[in-house]
Amino acid sequence: MRATCDTVAASGAMVSGQVTSRDVDAGDHRLRVYTCGDRVLPAVVLVHGSGPGVSAPSNWEHLLPVFAEAGYFAIAPDVLGFGDSEHPDPAPVGGMPEYTDLRATSLIALLDALGIDKAHFIGNSMGGMISLRIAQIAPERVDRMILMGSGGAPMKPTDDLMRLITFYDDPSPEAMAGLLIRFVDNTDLFAGKLDQIAADRAAKANRPDVRRSHLATFNPAFSPVGYSEEALAQIKNETLVLHGREDRMLPVRAGYYLAENLPNAQLHVLPHAGHWIQIEQAERFVEQAKLFLGEPSTLPSDRRTRQDNT
């Protein structure tokens, strides 16, 4: 990766460096991990979504330096079963529920391997669904969450999401191009490069290990992961729900559902934005994220503590 990051170290000195990648043993599995910034700074884990050929760089490469410059140790793993991380063979047989648990526990193990007690989590699409699962099973490891076009709302898949799920019925570059344009509201984003981007991503999607993991994740014998109102009510982390108003993969009502049922959530709906807010409206996303991660806590217990100390 050629991106570079300039970040302020704990000493106050400016530190320059590149986004680095390495393989990390995270519990029983190997994860490819991309990082930027000073390791002593607060950690932010950026969790990408699903889809054939997706990886951490395709979602987050342009943002790792931005979060490092903002004073965070930015971590973007290829989630288990995606990109250049391990693809379990044989794959889990329990569909999305089993694979979600496995992915969540592998990311908790990644924190252990990196010596990180607690981190903010930013999850896009399936990455948001995985972040919610981490908050359920290890709430002490999660600080604040940003859920962006997040999965986890119990609703029927849209037609465009079904295109993603059934991609391997026709895993061609042309089908990939037809899928990619459904992630954004403004297709000018591709700037005449759609065919090349689609060809590159289709080549990655057609790796046998990537195909195996995708088909295991979306095994039609199992229901998708949907969090009930009661389950969400138990997740106390402060959460920012971001959703594109024109999201065709996971409609905006999914964001409303999460925000209405997570007790400490706020919702921002972005107009003229589809499923890839972090790409389509990167500047607005970054400003929202920095404000949310840096603002004082709104939890009642934390407000009382601040008042007692004044």
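The values are calculated or read from the model by the stated rules, or taken from the named source; none is laboratory data. Every value quoted in this text rests on a predicted model; they were computed, and no experiment measured them. Cβ coordinates were reconstructed from backbone atoms using ideal geometry, including for glycine residues, and neighbour counts include every protein chain displayed. With ligands, DNA and RNA removed, areas are computed over all heavy atoms of the protein, side chains included. Shrake-Rupley method; radii C 1.70, N 1.55, O 1.52, S 1.80 Å.
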Within segment 241-248, is there a residue that is open to solvent by less than 40 Å² (accessible area, probe 1.4 Å), assigned to a helix (DSSP H, G or I) and closer than 20 Å to ILE130 by Cβ?
-> no
Residue check, ALA231 of a type outside the set (S, T, N, Q) and in a loop (DSSP other than H, G, I, E, B) = no
Qualifying residues in segment 167-187 (those that are in a helix (DSSP H, G or I) and without any contact (Cβ under 8 Å) to a residue 12 or more places away in the chain) - the one most open to solvent (accessible area, probe 1.4 Å) | ASP169
Determine whether PHE190 is over 17 Å from SER58 (Cα atoms) and over 20 Å from the mean Cα position of the chain (by Cα).
-> no
If PRO139 satisfies every condition in (1) within 17 Å of the chain's Cα centre (by Cα); (2) closer than 23 Å to PRO296 by Cα but one, which is the exception?
-> (1)
Here is a list of conditions, (1) out of contact with any Leu (no Cβ under 8 Å at 6 or more places or on another chain); (2) open to solvent by 40 Å² or more (accessible area, probe 1.4 Å); (3) of a type in the set (D, E, K, R), and LYS236 meets all of them except one; can you say which number that is?
-> (1)
Say whether the condition of being under 17 Å from the mean Cα position of the chain (by Cα) and under 22 Å from ASP101 (Cα atoms) is met by at least one residue in segment 247-254.
-> yes
Can you name every residue in segment 46-66 that is more than 18 Å from ALA104 (Cα to Cα) and not in a helix (DSSP H, G or I)?
-> PRO52, GLY53, GLU61, HIS62, LEU63
ALA202 versus (1) among the small types (Gly, Ala, Ser); (2) over 22 Å from LEU180 (Cα atoms); (3) in contact with a Ser or Thr (Cβ under 7 Å, 6 or more places away or on another chain): which is the lone unmet condition?
-> (2)
List every residue pair whose Cβ atoms sit under 7 Å apart, with the two residues 6 or more apart in sequence or on different chains, where the first one lies in segment 93-110 and is farther than 15 Å from PRO224 by Cα and the second, anywhere, is assigned to a loop (DSSP other than H, G, I, E, B) and among the small types (Gly, Ala, Ser).
-> THR105/GLY27; SER106/GLY27; ILE108/ALA138; ALA109/GLY27
Return yes or no: is GLY274 over 15 Å from VAL54 (Cα atoms), in a loop (DSSP other than H, G, I, E, B) and under 18 Å from the mean Cα position of the chain (by Cα)?
-> yes
Run down VAL47, VAL54 and say which single residue is of a type outside the set (Gly, Ala, Ser), within 19 Å of ARG144 (Cβ to Cβ) and in contact (Cβ under 8 Å) with a residue 24 or more places away in the chain.
-> VAL47
For segment 198-216, how many residues meet the condition of being open to solvent by less than 70 Å² (accessible area, probe 1.4 Å) and more than 30 Å from VAL93 (Cβ to Cβ)?
-> 2
Are any residues in segment 36-45 among the hydrophobic types (A, V, I, L, M, F, W, C) and either in contact with an Asp or Glu (Cβ under 6 Å, 6 or more places away or on another chain) or in a loop (DSSP other than H, G, I, E, B) (or both), and if so, which ones?
-> VAL40, LEU41
